[in-house]
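The values are calculated or read from the model by the stated rules, or taken from the named source; none is laboratory data. Computed from a predicted structure; not experimentally measured. In this analysis, Cβ positions are derived from the backbone assuming ideal geometry, glycine residues included, and neighbour counts consider all displayed protein chains. For accessibility, only protein heavy atoms count, side chains too; no ligands or nucleic acids. Shrake-Rupley method; radii C 1.70, N 1.55, O 1.52, S 1.80 Å.
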Amino acid sequence: MSKEFNKRKLWRDLQQALLIALLAAAVGLAVNSQLLWRVLSGRTLNAVPATVDGPAETTLPLPVELAEVRELQGSTTLFIDARSRTAFAEGHLPAARSLPRGEEVAGVGALQAEVPLSTPLIVYCSGYDCNDSFVLAEGLIAAGYRQVRIFEGGFPEWRDAGLPVEGAQP
Amino acid sequence: MTSLRSMLYHGSRLLLGALFCYAGLVKALDVVAFAGSVANYQLLPYQLNFLVAGLLPYVELAAGLLLLAGLQVRPAVLLVAGMNGVFIVALFSVILRGLDIDCGCFRPGGEGHTSAQLALLRDAGIMLLALVTWFCADRRNG
């Protein structure tokens, strides 16, 4: 009977713990609703106004979805390919610039000399398992670029959507 | 409840509560930096890192406040132990994958660097505190 009582008590505690977690998460959702909505919907275009001078609004690159990446093709946004030079040569997003992870010290310096810090940048690499775009984007923000975002689907998502690719394709 | 057990109970409860209040507060104050710390673990899709960063600090804060106030202690301890268990699994995966990242446990995006090994040791201590609080609370109520 005592065992049964303890079991019931544990079950009740678990239910209460779950309820507390849900309530706390709801508060977090309400407090951070704007940021989370921007991030989860991929609508981060106006997160940092292009005309604003000064430091970046955030120290972390926000994500951008394929649909928006498509819309931004041909705009002032510069696409940065964080993959190796070999992968870049085999195929990349139209008008993308190669800046491989591992060459970022010299690469970011060269970029700063040519590209104004107010230019919106989208960094990509080899898709969801690739962390290079995230690390490079952090470096670009640290270098002073104010609008840096990550296209997490990267080259594979772009290619698999049947969108135009530059460079030698098999 | 003997005085020693009572001291153990209140000591571990207050320490655990203060730890989680502090951890939750510093993360809640800089969600974007904490999202970066979560992203460093390379466990979730990039966007989900922001969701975790937006919600987790408030769960930590709630559990910490309840422990400090001495309310719903057993459910709060279960929450703390559950979160700590997840942190331990994540830290083990960091060690197994050979990642050299800051654990992001208390100072997301900060200058300091707490290795996964050190963070695991600290989490083991937190788990011990949770166990002590749980059993003392059990005797106290039972």
- Task: Mind putting together the pair-distance distribution for region B:37-111? All Cα pairs, 10 Å bins, whole percent per bin, short to long.
- Result: 17, 45, 29, 8, 0
- Item | chain A, helix-only ellipticity at 222 nm - DSSP H runs n ≥ 4, -39,500 (n - 2.57), divided by all residues, nearest 500 | -14500 deg cm²/dmol
- Message: If you count only protein heavy atoms and use a 1.4 Å probe, how large is the accessible surface of A:Glu65, to the nearest 10 Å²?
- Response: 70
- Using alpha-carbon coordinates, inclination of helix A:132-142 to the longest axis of chain A, degrees: 80
- Message: Tell me the per residue accessible area of chain A using a 1.4 Å probe; a whole number in Å² is fine.
- Response: 54
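How large is the direction-averaged shadow of the alpha-carbon convex hull of the protein assembly as shown, in nm²? Numbers along the way, then the final one.
Working: hull surface 76.5 nm².
Convex hull of Cα atoms, orientation-averaged projection: 19.1 nm².
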- Treating the angle as unsigned and between 0 and 90°, give the value, to the nearest 10°, between the Cα long axis of helix B:31-40 and the longest Cα principal axis of chain B. 70
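Given a 1.4 Å probe and no ligands, DNA or RNA in the count, how much accessible surface is buried by A and B, both sides, to the nearest 100 Å²? Can you show the working numbers first?
On the way: alone 10370 and 7890 Å², together 15720 Å².
Accessible area lost upon association: around 2500 Å².
By DSSP, what percent of the beta bridges with both residues in the protein assembly as shown are antiparallel, rounded to the nearest 5? It would help to have the intermediate numbers written out before the result.
Numbers: 1 of 14 bridges.
DSSP beta bridges in the protein assembly as shown are roughly 5 percent antiparallel.
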- Message: Need the per-residue list for region B:25-43: every residue with at least 50 Å² less accessible surface in the complex of protein chains than in the chain by itself, probe 1.4 Å, sorted by number.
- Response: B:Val32
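Give me a single rounded figure for A:126-134: the average over its residues of other chain Cβ atoms within 10 Å of their Cβ.
Details: counts 0, 0, 3, 1, 1, 5, 0, 1, 6.
Average per residue, whole number: 2.
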- Query: Angle between the Cα long axis of helix B:116-141 and the longest principal axis of chain B, 0 to 90 degrees, nearest 10?
  - Reply: 30
- Query: Once the principal axes of the Cα atoms of region B:3-141 are found, what is the range along each, listed largest first in whole angstroms?
  - Reply: 47, 27, 24
- Return the long-range amide H neighbours of A:Val123 (sequence gap of 5 or more, or a different chain), with a cut-off of under 5 Å between placed amide H atoms. A:Ile80, A:Arg149, A:Ile150, A:Phe151
- For region B:3-141, what is the accessible area per residue in Å², given a 1.4 Å probe and the full set of protein chains? 46
- Treating cross-link reach as a plain straight distance, find the aspartates and glutamates whose alpha-carbon is under 18 Å from the alpha-carbon of A:Lys3, omitting any fewer than eight places away in the same chain. A:Asp13, B:Asp138
- Put A:Val27, B:Val73 in order of accessible area, largest first, probe 1.4 Å, and you get A:Val27, B:Val73
- Message: With θ taken as phi - 60° and the coefficients 6.51, -1.76 and 1.60, list the Karplus ³J(HN,Hα) couplings across region A:85-90 in order, rounded to whole Hz; mark glycine and proline as x.
- Response: 5, 5, 4, 4, 5, 6
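Expressed in nm², what is the orientationally averaged projection area of the convex hull enclosing the Cα positions of chain A?
Details: hull surface 57.1 nm².
Projected over every direction and averaged, the Cα hull of chain A covers 14.3 nm².
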- Message: Probe radius 1.4 Å, ligands and nucleic acids ignored: give me the carbon and sulfur share of the accessible area of region A:46-160 as a rounded percent.
- Response: 53
